[in-house]
Amino acid sequence: MGRKKISIIGGGQIGGVLAQLIALRQLGDVVLFDIVEDMPQGKTLDIVEASRIDGFDVSLKGTNDYKDINGSDIVIVTAGLPRKPGMSRDDLLTTNAKIMQTVAENVKKHAANSIAIIISNPLDAMVTLFKKITGFPAGKVIGQAGVLDSSRFATFIAWELGVSVKDVNAMVLGGHGDTMVPIVRYANVNGIPAMELLEKKYKDKEKASEVMNAMVERTKMAGGEVVKLLKTGSAFYSPASASIAMVEAIVYDEKRMLPVCAYLNGEFGVKGYYVGVPAVLGAAGVEKIIEFDLIAEEKALLDNSVTAVKGLVVDMERLGF
Ligand code: A3D
């Protein structure tokens, strides 16, 4: 068995970091595709020239020709405009749907047996469109959102409780928009509920809830917080890392249970839509959706998020996609 071939469509901020992370971790040979001439070639040359120093040995190819993605095992799609300050992810719909259309057609043509991880925004709509155009099996088209949103939530909890982020587990479900649903009830530090630790810290239930709510709100707006600071684009280090966790789960057949944007066929009461839920990720892509009982409040929040996702998909269809 040779090395995996991992193609990245869109060699911008996220695409560049992804190429470097794949190389550093030797997850496979990398093809970095972009429509901008010479740029992906420049980035891959730059990355590979550090291979002697970093001690990796994989092939990296930058290209403007889709033929180079032929036979990819994994395709990661980052093509599309990022947000600028004041924009919502949904404002990117028309522009990025057009881009996604071409990308999906070419991935179908050149890498028909690949597993696709979609990162472009608005995420839930872009995954839906990619699946529709390629006709790939549902488990082989996966969106990245939950791994990043959950890591953001975990980071805030770790800061608040003064513990290592390595010991924090937190999960965010639903769509990748302002309606996303951080699951407070199961946020924990090595198994101890984060809420319990907050109540101990503040010796006041109300104050503890207030602090948790602030972290939930910050998580929902975390992408926008970075956009506001960067001014010229959106987060790219953390989205790349989040996608790498998914790539690793697939390459090493880890069966990790990660929150990903997956196609639902009745799970969580949703049929025919891509929504962020916990799923087992292995060599075949999404191998299983993990259902668990939500309490009424969580169910209401998830339903609200699903309604937003459906609205976005309807908007996209009205635009002719
Ligand atoms: P950016 O640095 O602009 O890179 C996008 C790249 O796509 C550019 O290099 C473009 O040249 C390229 N591109 C444009 N059109 C095409 C095309 N037709 N075919 C191939 N490549 C094309 O953006 P970025 O890397 O910062 O972000 C990429 C996408 O990810 C954006 O849509 C962001 O909104 C999205 N994003 C998603 C998350 C999630 O967690 C889901 C987080 C952050 C950003």
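The values are calculated or read from the model by the stated rules, or taken from the named source; none is laboratory data. Because the structure is a prediction, the values reported are computed rather than measured. In this analysis, Cβ positions are derived from the backbone assuming ideal geometry, glycine residues included, and neighbour counts consider all displayed protein chains. With ligands, DNA and RNA removed, areas are computed over all heavy atoms of the protein, side chains included. Shrake-Rupley method; radii C 1.70, N 1.55, O 1.52, S 1.80 Å.
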What residue among Ile69, Ile118, Ile35 has the largest mean-square fluctuation in a Gaussian network model of the chain, using Cα springs under 10 Å? Ile35
In segment 168-209, what trypsin sites (Lys or Arg not before Pro) fall in a loop by DSSP, with at most 12 other Cβ atoms inside 10 Å? Lys203
Most mobile of Val181, Val17, Val36 in a GNM of the chain (Cα contacts under 10 Å): Val36
Charge tally in the Cβ shell below 13 Å around Met126, where Lys, Arg are +1 and Asp, Glu are -1, Met126 excluded: +1
Pairs of Cα atoms under 8 Å, at least six residues apart: use those to get the relative contact order of segment 146-281, whole percent. 24
Sparse-neighbourhood loop hits (trypsin sites (Lys or Arg not before Pro), segment 209-293; DSSP loop; Cβ within 10 Å at most 15 others) -> Lys231, Lys255
Computed from the beta carbon distance with a Förster radius of 45 Å, FRET efficiency for Ile53 and Ala138 to the nearest 0.05 stands at 0.60
Using a 7 Å offset from the Cα along the Cα-to-Cβ direction at both Lys228 and Ile290, what is the distance between the two label points in nm, to one decimal? 3.3
What translational diffusion coefficient, in µm²/s and rounded to a whole number, does the Stokes-Einstein relation yield for segment 41-166 at 10 °C and a viscosity of 1.306 mPa s, taking the hydrodynamic radius as the Kirkwood radius over Cα pairs? 95
By the scheme Lys and Arg +1, Asp and Glu -1, what is the net charge of all other residues having a beta-carbon under 11 Å from that of Ser114? +3
Top positive-direction residue, dipole computed over the chain with Cβ charges, set Ile69, Asn169, Val313: Ile69
Within the under-12-Å Cβ sphere about Glu105, not counting Glu105, Lys/Arg +1 and Asp/Glu -1 give a net charge of +4
What is the dipole size for the chain, taken about its Cα centre, with +1 at each Lys and Arg Cβ and -1 at each Asp and Glu Cβ, in debye to the nearest 20? 200
Cα radius of gyration and Dmax for segment 146-321 (Å): 16.7, 55
Area of Tyr186 that stays accessible when all protein chains are in place (1.4 Å probe, Å², to 10): 110
Quick one: P(r) of the chain from all Cα-Cα pairs, 20 Å bins, percents rounded to integers, in order of increasing distance. 33, 58, 9, 0
With a 1.4 Å probe and all protein chains kept in place, how do Asp91, Asp73, Asp34 rank by accessible area, largest first? Asp91, Asp73, Asp34
Entries in Lys43/Lys108; Lys5/Lys132; Lys228/Lys271; Lys140/Lys299; Lys67/Lys271 that, when Cα-Cα distance is taken, lie over 31 Å: Lys228/Lys271; Lys67/Lys271
Mind pulling the angle between the C-alpha long axis of helix 39-48 and the longest principal axis of the chain? Nearest 10 degrees, somewhere in 0 to 90. 80
Give me the angle, in degrees from 0 to 90, between the Cα long axis of helix 296-318 and the longest principal axis of the Cα atoms of the chain, rounded to the nearest 10. 30
Where in segment 112-148 does the amide nitrogen come within less than 18 Å of the point 7 Å from the Cα of Met87, taken along Cα to Cβ? 119-127
